[in-house]
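Presented below is the structure to which this report refers.
The values are calculated or read from the model by the stated rules, or taken from the named source; none is laboratory data. Owing to the predicted nature of the structure, the values given are computational and were not obtained by experimental measurement. With ideal geometry, Cβ positions are generated from the backbone for all residues, glycine too; neighbour counts draw on all protein chains shown.
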Amino acid sequence: MTNSRIAVVVGFVVKSPVAGMAAYNFHYIAGLRELGYEVHYVERLNAPDECYDPGRDAFGDDPGYGLAWIRDATRQLPPLATSWTLIDRNGNYHGMGRQELRGILDKADFVLTLADPTWFDDLGRCARRAFLDGDPLFTQAALLQPGSQISSVLAHYPTLFTYWTRQNAKDTTVPTAGRHWISTRPVVATSLWSPKPAPPGAPVTTVMNWGAWGDVEVQGRSYGHKNRELERLIDLPQHTARKFVLAVGGPAPKERLVSHGWGLADPLCATRTIDSYREFIDGSYADLGIAKHAYVASRSGWFSDRSLCYLASGRPVLHHDTGFQDWLETGEGIFAFSDVDDVVAALEMIDRDYDRHAKAARVTAEQNFEARTIIGRMLDDSGFR
């Protein structure tokens, strides 16, 4: 090791080897490297059937597809060239071995675990450990369940970050679950994205999952997923001449969506590689940022990390109103919506001067979500530097 500053990032690239999910991890790795940290990436399979294989569109314990994917991705993206370790379900180490990992943890400035609650005892060799909650309300609801696995995992993390940005707002309903949370926002390493002109007739697009799990209940109120919010927009294509294309995974009612005017793209093709993900975004006019019902109903202030890829690519973003306007200016490059009328009005504004809004989108990413800036603030807020 030649760099005295070492960060260990614990993530979920191998188990979720699709571009949108991987980009979530890569932006933090790139941001830390830009801050001067030597980054070691770690992943552990925590439960059965966690490894997704897009080729088979199935889950299992074999990390082979994900291992090949991360090797290719880190070779293609120089800012991500870093050492890594995967611990599989049998306790085997892939990439850097256990003894080398222990040596890194002994010298690491901190461990940052991203979104996927992960713990194994060797992580305790580093005293400064933080977990990043990217799923506000769902994370806290799980913590409220007595004896939950996430409670036992997060007990090992003295520092908790969250995308719940409106903790002090009177109308937010996300519970603290007895823990102290440091608010932050998602990040994008703009160096990984290059704005290109939108092609003529490009559609408004988004990449989303119809509904990954069941609803949760907190204090007698039910909170759900993106399907509940998209249902409220089901008639949107009938209110504007602009085309809409969904790259939607999960049990979506595809025939019903098509009958209401939505175009559909294969989400596996759109996100199979970083290049295909870029091509999908570059072929878009703007992003329709659908949020989970829980984020909207709880007034969490959540903002989409996937929308950041659109912003960094110079694509305007229409984003579900979660209350994020408290801390992010809208009206130029980015618009908040609650219903169909809001989306139509925003598109009319974008149509009047698309180039201005496209340029403003990139500036918004650089000024409000740049990875090195936001991560630096996280490290200062937590006392990690």
Check your understanding: In this structure, is residue 282 of a type in the set (D, E, K, R) and over 12 Å from residue 205 (Cα atoms)?
Key -> no
Exercise for review: Test residue 21 against the criterion of being more than 21 Å from the chain's Cα centre (by Cα) and of a type in the set (A, V, I, L, M, F, W, C), and give yes or no.
Suggested key: no
Study note, to complete from the structure: Log entry, pairs with first residue in segment 104-116 being within 14 Å of residue 29 (Cβ to Cβ) and in the same structural domain as residue 156 (by TED's automatic domain parsing), second being outside any loop (DSSP other than H, G, I, E, B) and of a type in the set (S, T, N, Q), beta carbons closer than 7 Å, six or more apart or on different chains, reads 114/25
Practice item. Could you grab me the full set of residues in segment 1-44 that are part of a loop (DSSP other than H, G, I, E, B) and under 24 Å from residue 306 (Cβ atoms)? Key: 11, 12, 13, 14, 15, 16, 17, 18, 35
Practice item. Would you mind stating whether residue 379 is in contact with a Phe, Trp or Tyr (Cβ under 8 Å, 6 or more places away or on another chain) and either over 30 Å from residue 33 (Cα atoms) or in a helix (DSSP H, G or I) (or both)? Key: yes
Exercise for review: Name the helices (runs of 4 or more DSSP H) wholly inside segment 255-353 in which the number of residues that are more than 26 Å from residue 214 (Cα to Cα) and not small (Gly, Ala, Ser) is 2 or more.
Suggested key: 274-282, 305-312, 340-352
Practice item. Give the residue, chosen from 240, 271, that is touching a residue at least 60 places away in the same chain (Cβ under 8 Å) and more than 24 Å from the chain's Cα centre (by Cα). Key: 240
Review point. Would it be correct to say that residue 246 is in a helix (DSSP H, G or I) and surrounded by 18 or more Cβ atoms within 10 Å (Cβ to Cβ)?
Key: no
